[in-house]
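The numbers here are math on the coordinates, done by the rules we state, and not lab data. Bear in mind the structure is a predicted one, so any value in this text is a computation, not a measurement. Counting neighbours? That spans all protein chains shown, and the Cβs are built from the backbone with ideal geometry, glycine included.
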Amino acid sequence: MANSEMIHLVADLSLIHTLGKWRYPGSWTGYDSYGSPDLYLDIARLLEQGLFDGAFFADVAGTPLFNGKTDDTVEWGVAWPRHDPLPMAIAMAGVTKHLGFITTMSMTYHHPFNVARLYSSIDHVTRGRIAYNAVVSGFPQEAQNFGYPTTPDHHWRYTRAEEFLEVELGRARRDAVGPRDRPGRRPRQSQPDRPRRRAFQDHGPPARRTLAAGSPGPGPGRRFAGGHEAGRALGRCAIRDSADA
């Protein structure tokens, strides 16, 4: 077709090892048990050969209750075990050159400094091929793993997420102003901070606050989950702040 449009292909690799798939005939044949990267490394090579743009990993840092019981969840392997997908994405990047990776990080239970530093560092390791799926989380079991009795209410989570993005994107901007060409050269002064709200205070030094060198590209990408208005508003906020950088 003369006027064909570009199609971007991203493979959803979320929990491909669980939800009963391990019981399929031939499942994991020739591979070690879950936790070994070999299967995922082969998937990465296959996706790159197939000209896929990326691989996506959803993640929830909590175990669902099968039949209402954690023991049944473990016995039947229902979305369990569930390792953090980020180390696997880094390993997959090591056997590919063009494939991108999207992993998930909760804005409700993580601090923007940790997220900015982590993904800025991985952006170098993967040569600019990492992005994170920014979510607010809604599962009680995940909340309990982070010390909450249950999931915080909707308004609290989205208010925190808005400030999270303001702080995290601000760190990305400050990180980008330093020199990238010669280690050891004195970094230029960072831009002044924006006023903060309630959830996060930024008391670090004025320069290099992520402790990572400037991104090799435009910086780690972000993807926002959620189809309701609060989720869409967060996406618009991030796009606006990125444009102002």
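Quick notes
- Expressed as a fraction of 2.2 N^0.38 Å, the C-alpha radius of gyration for the range 1-159 is 1.16.
- Stretchable slack from Lys69 to Gln144, in nm (0.36 nm times residue separation minus alpha-carbon distance): 25.5 nm
- For the pair Trp76 and Ser121, label points projected 7 Å from Cα toward Cβ lie 3.9 nm apart.
- Each label point was placed 7 Å from the Cα along the Cα-to-Cβ direction; for His98 and Tyr24 their separation is 2.6 nm.
- Separation in nanometres of the label points that stand 7 Å from Cα toward Cβ, at Thr159 and Ile90: 3.6
- Inverse mean reciprocal Cα-Cα distance (Kirkwood Rh) of the range 105-149, Å: 11.7
- Residues with amide H under 5 Å from that of Phe66, placed H, sequence gap 5 or more: Thr73
- Sites Tyr34 and Ile7 - FRET efficiency at Förster radius 25 Å, r taken between beta-carbons, to 0.05: 0.20
- Under 5 Å, built H, 5+ apart or other chain: amide partners of Ala11: Gly54, Ala55, Phe56
- The range 7-158: antiparallel DSSP beta bridges as a percent of all, rounded to 5: 5
- Nonlocal amide H pairs with Trp80, under 5 Å, H built at 1.01 Å: Leu19
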